[in-house]
């Protein structure tokens, strides 16, 4: 309708005009919960409906990367370079670095599927095998497996649904190279490699474990900070560890479903270097909804999504050890700004996933429950203002 | 088996030369006749040798249909019709007919005059070609001949673009050409009814694309214009007379209003006149919004957009100018470009593809120094009569932006269209089948999918249904036989005569057929001889046979008739002795054509058992 078009036009001017260096908006046929880099220019996305789903490898538009000659490049579309079918939901997808392999989990069991993403001669993503998880208790769904991978030869993946079943599996043989020694049934929210051998396991109850695949020693456990006095509900936690050449310099951020964020040093996970109360809507969210991530190429920046239809960027360098309210450095609200968003019983659009580009400092991709996928390069207004 | 054949013509797999041959119901149709813009030699034309090795195509084609005016769909048309030779009908929509010759002439001028090519069609050839064109209206069925009919559907994409439905008898094909499923600011979205064609033909290239939103493209455009204006620069937008220009004007006008901008926006007058002229002619082809605007006021009565005068190009300060032609190859846009190119504050925004040989093409390829022709302002003494051409080198310092606004369907759009039309089979052309297994698999979840390579023919068997009327008497008779009602999943045999009268078929009883045709019924009777050894007399043998049959063939009517025959149902048995030996009996069994086989063999088996 004419009114809607006018409203849309205002959006362009108000929100999107000044604040982005680049902005691309796409609509997938089906929403995705995963965005995983498979190269500097390609990502994988996949559906999560209960039955048949597609896994797609998309090549980002040339225009995004044509830095000097951007003006001469008209091409702004995604290209579907590879695709495959699966008859399960894809809740988790991990690319194995240095290979054309990906591993997926369906969130229902701890078994994983292994895929060949395809080469130049074919556009098919083919299932090549599966990996059995350790957990024998099927049907008890606390969310499915978490998966982590780092470059190794031969390729290996770290996976598990709860602490007691975390293992390192060699992809080609299926051989278990390492098992985490713990009886804890803490459900995992994420796994992160800090180096070739050291890894961090974040649990949804806030516990963090750090272990070394070279030893069979019990992992180091760090519990979360005590919950706020007022909350009666159980609090969920999500974790990210910053990458770096030296694992001891690594920092860990923990985010709770009540919006509390804590930054700790790896050497002292029990203490918090800084903390903040983030500006998020703390409506009930599931263990799978929220993503928190350190920017790989931008100091101290953290991206947060899943609480609403927005992706927020925070500058953690201004946080202190006192719990104070923090305002985001930038907020990408594009997913929630849609004509369909009204209060007529339609469920609100939520961001399902986001990722940072591994090298370009301010480039992110985000996906939402309505099937939209955005690629954006935001302008740091505060830096611009300081000039 | 009835079948439809589809062959995409031409070498190379890339998009850039649409030309598809379809054979349906004995008719041969050429869909589009495009030029490949990337080649400078004969490879830019489709390979017509597939149709015939020698000579004219008139005898081999029933018609040619052009989907829209883009050169990669109509660029080779004059070459095909005038240089290879075709005198049959060429169908296209009214806007396409009006705009095609302009683009073809422009293209010809650039290729021949600027690039000096020789094996190319002439202006006269373009005119002669267009004389063969029969224009189409939307949703109007056109009889090409007694059997072949075609109908055009709205495709969006550009003014006059159509999808075409081709029908021969009960077989049909839909060709999409280029189309768009999301409405533009000035064009609607493609639409087709649930026509369920045997084949839907579409381009494969777009099927693997997921398009960036229109809002983002517009945002980019506005941002670039705004940045240039803010720094005091001038923006040149070379456009063809129609389509995109209107879209961008509407966008800028709204933006200027919203941002309260003061810099002037100009539209060259030639453009205005042409655009108005075309829109008046083809108002039904634009979307509702434009139609309303046009009806209420002149298309170009914008508050912020004024008519351009040549002298304005020298005015200081920021401005935006829309000027023709679109590829900067001549005329006003080139004049303005030459004046503004040297200032890095300025910008040129190219809104579409530029043909090789044009300035537009060169600057889009990053060329920053252009050799241009200038005219001498004074005459030298050594050669006073010959015009002196100077080569000027133009330094391109202004910002060059390439923005693609052309509206194509993408992966999602294609599935939307397929589900609208519900074809029995899908054919995707101009793709590499080997590399498109996933796409094929995806479509094949719902429809059969073929991906022929260029020059490769795919054959699709069709299952045309032939409607037949059945006489009421026959129907009643069949119903009276009892048993279950006829069911498509459980066919049952019935007996009747099929009469073809004029163009209709009907099924009647044999008696009625004979009556209608004024024929007498002939009865066929078959006779077979069976030899038996039996010492009895002829009548006794006959009686024995009678008794025997009565005992073994229970449930059948067996009669011993006074005329010396035995009848089993309608089978007649006579006995006679052989002339040579009275112990050798010859049984004559005769039956009419209707009698079922098994009854006869049972009968003879029964006799032999004794």
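Bear in mind these aren't lab numbers, they're just calculated from the coordinates by the rules spelled out. Just so it is clear, the structure is predicted and the values come from calculations on it, not from any experiment. Don't worry about glycine lacking a Cβ; one is built from the backbone with ideal geometry, like all the others, and counts go over all protein chains shown.
Structure summary
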| item | result |
| --- | --- |
| Computed E for residue B:390/residue B:170 - FRET, C-beta separation, R0 60 angstrom, nearest 0.05 | 0.35 |
| Selected from A:68, A:181, A:325 as most flexible by GNM, with chain A as the system and alpha-carbon contacts under 10 Å | A:68 |
| Cα-based Rg of chain B normalised by 2.2 N^0.38 Å, two decimals | 1.51 |
| Relative pair counts by distance (%), Cα atoms of the range B:537-586, 5 Å bins | 5, 22, 30, 22, 14, 6, 2, 0 |
| Burial order of peptide ranges B:534-547, A:308-321, A:253-266 (average beta-carbon count within 10 Å, highest first) | A:253-266, A:308-321, B:534-547 |
| Convex hull volume of the protein assembly as shown per residue (C-alpha atoms, cubic angstrom) | 297 |
| Within 10 Å of each Cβ in A:54-62, the average number of Cβ atoms from other chains | 2 |
| The range A:147-175 versus the range B:534-573: alpha-carbon centroid distance in Å | 89 |
| Whole-number percent relative contact order across chain B, with pairs defined as alpha carbons under 8 Å at least 6 apart | 13 |
| Förster radius 41 Å - calculated FRET efficiency between residue B:49 and residue B:339, Cβ distance, rounded to 0.05 | 0.25 |
| The range B:320-369 versus the range A:61-87: alpha-carbon centroid distance in Å | 26 |
| GNM top mover of A:72, A:56, A:168 - chain A, alpha-carbon springs below 10 Å | A:72 |
| Estimated FRET transfer efficiency (residue B:457, residue B:257; beta-carbon r; R0 60 Å; 0.05) | 0.60 |
| Cα gyration tensor shape for the range B:392-500, rounded if a/c is under 1.5, else prolate or oblate | prolate |
| Peptide-level mean, for B:402-415, of C-beta atoms on other protein chains within 10 Å | 3 |
| Radius, Kirkwood style, for the range B:1-120 when every pair of distinct Cα atoms is counted (Å) | 14.7 |
| Most mobile listed residue (A:84, A:107, A:119) in chain A, GNM with C-alpha springs under 10 Å | A:119 |
| Tensor-based shape of the range B:83-218 (alpha-carbon gyration tensor, a/c under 1.5 rounded, otherwise prolate or oblate) | oblate |
| Once the Cα gyration tensor of the range A:1-383 is diagonalised, semi-axes √(5λ) in Å | 31, 27, 20 |
| Per-peptide average of other Cβ atoms within 10 Å, ordering B:345-354, B:363-372 highest first | B:345-354, B:363-372 |
| Peptide-level mean, for B:213-226, of C-beta atoms on other protein chains within 10 Å | 5 |
| Linear extension gain, residue A:181 paired with residue A:75, 0.36 nm per residue minus alpha-carbon span | 33.0 nm |
| Peptides B:582-590, B:173-181, B:409-417 ordered by average Cβ neighbours within 10 Å, highest first | B:173-181, B:409-417, B:582-590 |
| Kirkwood Rh in Å, taken over all unlike Cα pairs in the range A:77-222 | 15.7 |
